[in-house]
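Report on the structure given below.
The values are calculated or read from the model by the stated rules, or taken from the named source; none is laboratory data. Treat the numbers as computed from the prediction; the structure is a model and nothing was measured. Please note: Cβ atoms are built from the backbone with ideal geometry, for glycine as well, and neighbour counts cover all protein chains shown. Surface accessibility is based on the protein's heavy atoms, side chains included, excluding ligands, DNA and RNA. Shrake-Rupley method; radii C 1.70, N 1.55, O 1.52, S 1.80 Å.
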Amino acid sequence: MSAAAAARKRGRSASGAGAGAGAGAGKRRRKSQADSAGEKGKSKGGGKMNEEISSDSESESLAPRRTEEEEEEELEETAQEKKLRLAKLYLEQLRQQEEEKAEAQAFEEDQVAGRLKEDVLEQRGRLQKSVAKEIQAPAPADIQVLRGHQLSITCVVITPDDSAIFSAAKDCTIIKWSVESRRKLHVIPRAKKGVEGQPPGHGSHILCMAISSDGKYLASGDRSKLIFIWEAQSCRHLYTFTGHRDAVSGLAFRRGTHQLYSTSHDRSVKVWNVAENSYVETLFGHQDSVAALDALSRECCVTAGGRDGTVRVWKIPEESQLVFYGHQGSIDSIQLINEEHMVSGADDGSVALWGLSKKRPLALQREAHGLRGEPGLEQPFWVSSVAALLNTDLVATGSHSSCVRLWQCGEGFRRLDPLCDIPLVGFINSLKFSTSGDFLVAGVGQEHRLGRWWRIKEARNSVCIIPLRRAPRPPTAGS
């Protein structure tokens, strides 16, 4: 073997050994790296375990700190939110209060405006409240009957506060009744002729009564041409007015005053001042006996002229009169509805509505209570009494047709429509609505108040209190 070949062989073996050594070193390096990586992994794994253990311990120690901080933050936020909430609540309360004040003010303004409007309409005589359609016919068992007079009731009046009723009759007595207890409060007995020392009283049929708007004075008139003035509370006699030359048939106080108007079968109308116990003046104009009289706030009165067939409006300051025609028979009853309208009844069976601006009736209801008598000889039932609930559309009429009839006045008082009948046997000689409109009082007798043309034996001389219940109003939309 040559030296060159041996050198190449040695070189290959040396390089192979170097390579082997290098490979071994590389393996050792990779192993050491793997070991170091394993150790690092182990250390990392141990670190994780230590971290987890330490984190638990740290969480136990650090958790309260974080909770306190969070609580502080929450407390700070809650206080701010509370301030904001309270501010919003306060503003909302202010808004609600302002709205309530505005609503109350608007309601008060509406009430004041409505009241002023009513006052203006009342002064002008155009106020017409709609109540008739709400009235329900009472059951016969609900009618209260007060017995105390021996003869036919001729007139009734109600005190302004609706607490008491005064009734007078052909037996010459006056009885004061309690509306609540239905019992007698006082009796003014008949004055017997020729007996000295007896208390003052009427000695003949009492035909009419009136009570002042403040409830202080009661006036009564009889067939003996006398007018008695009583203290309404105690029924004590105060004065006696004389001057009429025939039976006193109508009395009325001017509302808000103590001025008294009286009328008589002597065809005159007289004016008195009760507070001063004085006579004022006399007015003439009717051509026959005057049957009834009424008055309200104005310084005027209205009269029913009986057989002269006229209704007259007396203007006291001017000493003038307006004359109205419409009935064909004797006009026996009259009542003011408001300052400009009135209702009257006659023995021809008709009921009329009047306006002061027209000389003829605005509405005329003939045969208002039907007909009586044999076929072919029928005659209308006389209308012996009328009543009107002040400033409304409700009217009542009485006859001897065994019922009281309620009517509704149409718009503008140009129509009269029947509502219902209330059964009552006898002559309905007087009708009066209470101030509140809660009840109607009827004076019932066996005979007509002005005569003895018929006698109904089955009738009872009594005062009847008729309740007027109103139907509930339907609920409004949105209520």
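Would a scan of segment 316-326 turn up a residue that is more than 22 Å from R455 (Cα to Cα), in contact (Cβ under 8 Å) with a residue 40 or more places away in the chain and open to solvent by less than 10 Å² (accessible area, probe 1.4 Å)?
The answer is yes, given that some residue of segment 316-326 is more than 22 Å from R455 (Cα to Cα), in contact (Cβ under 8 Å) with a residue 40 or more places away in the chain and open to solvent by less than 10 Å² (accessible area, probe 1.4 Å).
Does V145 satisfy the condition of being assigned to a strand (DSSP E or B), modelled with pLDDT of 95 or more and buried (at least 22 other Cβ atoms within 10 Å of the Cβ)?
Answer is no for this residue.
If you go through segment 393-415 one residue at a time, how many are open to solvent by 10 Å² or more (accessible area, probe 1.4 Å), over 21 Å from D142 (Cα atoms), out of contact with any helix residue (DSSP H, G or I) (no Cβ under 7 Å at 6 or more places or on another chain) and in a strand (DSSP E or B)?
0
Name the one entry in I206, I175, I188 that is open to solvent by less than 20 Å² (accessible area, probe 1.4 Å) and either in contact with a Leu (Cβ under 6 Å, 6 or more places away or on another chain) or more than 18 Å from G445 (Cα to Cα) (or both).
Matching residue, one of I206, I175, I188: I188.
Quick one: in segment 381-392, of everything that is outside any loop (DSSP other than H, G, I, E, B) and at pLDDT 95 or above, which residue is farthest from S436 (Cα to Cα)?
Per the stated criteria, the residue is S385.
Given the condition open to solvent by less than 70 Å² (accessible area, probe 1.4 Å), at positive phi and out of contact with any Cys (no Cβ under 9 Å at 6 or more places or on another chain), answer yes or no: does some residue in segment 165-172 qualify?
yes
If only one of S234, S224, S213 is open to solvent by 20 Å² or more (accessible area, probe 1.4 Å), of a type in the set (G, A, S) and under 31 Å from the mean Cα position of the chain (by Cα), which one is it?
From the options S234, S224, S213, the qualifying one is S213.
If I filter segment 243-283 down to residues being more than 35 Å from the chain's Cα centre (by Cα) and among the hydrophobic types (A, V, I, L, M, F, W, C), which single residue comes out as most open to solvent (accessible area, probe 1.4 Å)?
If we take residues in segment 243-283 being more than 35 Å from the chain's Cα centre (by Cα) and among the hydrophobic types (A, V, I, L, M, F, W, C), then V280 is most open to solvent (accessible area, probe 1.4 Å).
Looking only at segment 429-447, count how many residues are open to solvent by less than 10 Å² (accessible area, probe 1.4 Å), farther than 17 Å from S178 by Cβ and outside any strand (DSSP E or B).
Count: 1.
Of the residues that sit in segment 359-380 and are touching a strand residue (DSSP E or B) at 6+ places or on another chain (Cβ under 7 Å) and of a type in the set (A, V, I, L, M), which one is farthest from G412 (Cα to Cα)?
The qualifying residue farthest from G412 (Cα to Cα) is L371.
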